[in-house]
1. Test of understanding: what is the full-extension gain from Ala173 to Arg56, defined as 0.36 nm times their sequence separation minus their Cα-Cα distance?
2. Amide H neighbours of Phe62 under 5 Å, at least 5 residues apart or on other chains, H built in the peptide plane: list them.
3. With 10 angstrom as the radius, rank Cys48, Cys191 by how many other C-beta atoms surround their C-beta, starting from the fewest.
4. Can you give the direction-averaged projected area of the convex hull of the alpha-carbon atoms in the chain, in nm²?
5. Given 0.36 nm per residue, what is the gain on full extension from Asp164 to Asp30 after removing their alpha carbon distance, in nm?
6. What is the sum of charges around Lys180, taking Lys and Arg as +1, Asp and Glu as -1, for the other residues whose C-beta is under 14 Å from the C-beta of Lys180?
7. For region 107-195, give the magnitude of the charge dipole about the Cα centre (Cβ charges: +1 Lys/Arg, -1 Asp/Glu; no others), in debye to the nearest 20.
8. For the charge dipole of region 83-134, defined by +1 on Lys and Arg C-beta atoms and -1 on Asp and Glu C-beta atoms about the Cα centroid, which residue among Leu118, Leu93, Ala132 has the Cα displaced farthest towards the positive pole?
Amino acid sequence: MAMTSSSEAPPARLVVLASGAGSTLQAILDDPLLAPLVVAVGTDVPDCVAMSRAARVGVPTFAVPLAEHPDRGAWNDAIGAAIAGWRPDLVVLAGFMRVLGQQVVRRFRIVNTHPALLPAFPGAHAVRDALAYGVKITGVTVHWVDEGVDTGPILAQAAVAVADGDDEPALRARVQAVEKPLFVQTIRRLCGETL
Ligand code: GAR
């Protein structure tokens, strides 16, 4: 897998975006092949835990809060410029909870992980929505990001059974336990095969 420096192929440059607890980011930072590729971690929530996870291991961070911009177009311009400054080959959404506008989506190759079997349960509350619907199988989808909400081409999926008596935290924990290795493996594959 051509993921590290060689005389022919420079290593892929990853920018990771996150908005929350950052456990998905942590899985990337804990992976020995991916960690050296992460050139920056960005957020829309400056004080989120994900930023401290990045700072703890010395990865540069940047924050582009929506509230500091007059409208979504200006915010998209700003976050697009911030990302571009790091010259990424791949942008990784690891629990980034804002929808990126078309000027950003068209400018970069962006991969996302979503805690449901898309096209079922898109949006910000996928685990809760799956439980409320009463599905017996849910899971994880890793997909390219396009201009829709969780609609881009699917790269990988894994199923997770819903157990009798599951509540949202219990189901989320089992989904995320499957999600982390699937996301890491998929990003590794993208770095090795297509960058
Ligand atoms: C992850 O499960 C990710 O799939 C989900 O947010 C969680 C982030 O957890 N993303 C979405 O729901 C995007 N629609 P984390 O903050 O601990 O990494």
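Where a number appears in this text, it was derived from the coordinates with a stated rule and is not lab data. Everything numeric here is computed off the predicted structure, so don't read it as measured data. Every residue, glycine among them, receives a Cβ derived from its backbone with ideal geometry; neighbour counts consider all protein chains shown.
1. 39.7 nm
2. Val41, Gly42, Thr43
3. Going from least to most buried by this count: Cys48, Cys191.
4. 10.9 nm²
5. Values: separation 134, 0.36 × 134 = 48.24 nm, distance 3.26 nm.
45.0 nm is the gain from fully extending Asp164 to Asp30.
6. +1
7. Numbers: 9 positive and 10 negative charges, 71 e Å.
The dipole of region 107-195 has a size of about 340 debye.
8. Leu93
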